[in-house]
Amino acid sequence: MPEFYVDLTNPTKEELDAASKEYDLLYQEACDLVAEFDPCKVEDGTCLRCREGDGVNFCCTGCKHRGAEGCTVKAIWCKLWFCHGYLGNTEALGKHFNDEFSDRIQDLRERINKLPHGIGRGGRHSKQQLFSYYDYEV
């Protein structure tokens, strides 16, 4: 396991450099996964859940980081969060997601959770926000 997974209370610049690089790699992997499987099934500017009449358009509605073209920051969990309308609903999940997608998402979530100092557990926080707690510029 890489050294930067060690949870220290006062990370060094080198540890934060490594965590920042790993964050970027995981973020890109998450983007690629979402692009490959298209879990939101966006058509004509609406997501599947909204088209099925089961809620608002996009689960990120109301987020301060959402712009006209989508997310304006690198917020890794936003790439791995899928609407609560389908969470726990195995019929809906089975209808829209396959086992490979679910397995890969879970693997990525576990790897993100291993980033040190809670960096990977920031919810809708941007990468910049998460690293700013350590006076680290991204």
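For this structure, a couple of remarks:
- Residue match in the stretch 11-23 (condition: in contact with a helix residue (DSSP H, G or I) (Cβ under 8 Å, 6 or more places away or on another chain), surrounded by 13 or more Cβ atoms within 10 Å (Cβ to Cβ), over 13 Å from Leu80 (Cβ atoms) and among the acidic types (Asp, Glu)): yes
- Number of the condition not met by Gly62 [criteria: (1) in a loop (DSSP other than H, G, I, E, B); (2) at pLDDT 70 or above; (3) farther than 24 Å from Ala19 by Cα; (4) under 15 Å from the mean Cα position of the chain (by Cα)]: (4)
- Single match in Val34, Val56 (criterion: hydrophobic (A, V, I, L, M, F, W, C) and assigned to a loop (DSSP other than H, G, I, E, B)): Val56
- Conditions (1) surrounded by 13 or more Cβ atoms within 10 Å (Cβ to Cβ); (2) at pLDDT below 85; (3) over 23 Å from Leu48 (Cα atoms): number failed by Lys74: (2)
- Filtered residue count, the stretch 102-118, keeping only those that are under 23 Å from Glu15 (Cβ atoms), within 12 Å of the chain's Cα centre (by Cα) and loosely packed, with under 15 Cβ neighbours inside 10 Å: 2
- Residues (part of a loop (DSSP other than H, G, I, E, B) and modelled with pLDDT of 80 or more) located in the stretch 42-53: Val42, Asp44, Gly45, Cys47
- Check on Pro39, modelled with pLDDT of 75 or more, closer than 22 Å to Ser102 by Cα and out of contact with any strand residue (DSSP E or B) (no Cβ under 9 Å at 6 or more places or on another chain): yes
The values are calculated or read from the model by the stated rules, or taken from the named source; none is laboratory data. Just so you know, these numbers come straight off a predicted model, no measurement behind them. Cβ atoms come from the backbone with ideal geometry, glycine included; neighbour counts cover every protein chain shown.
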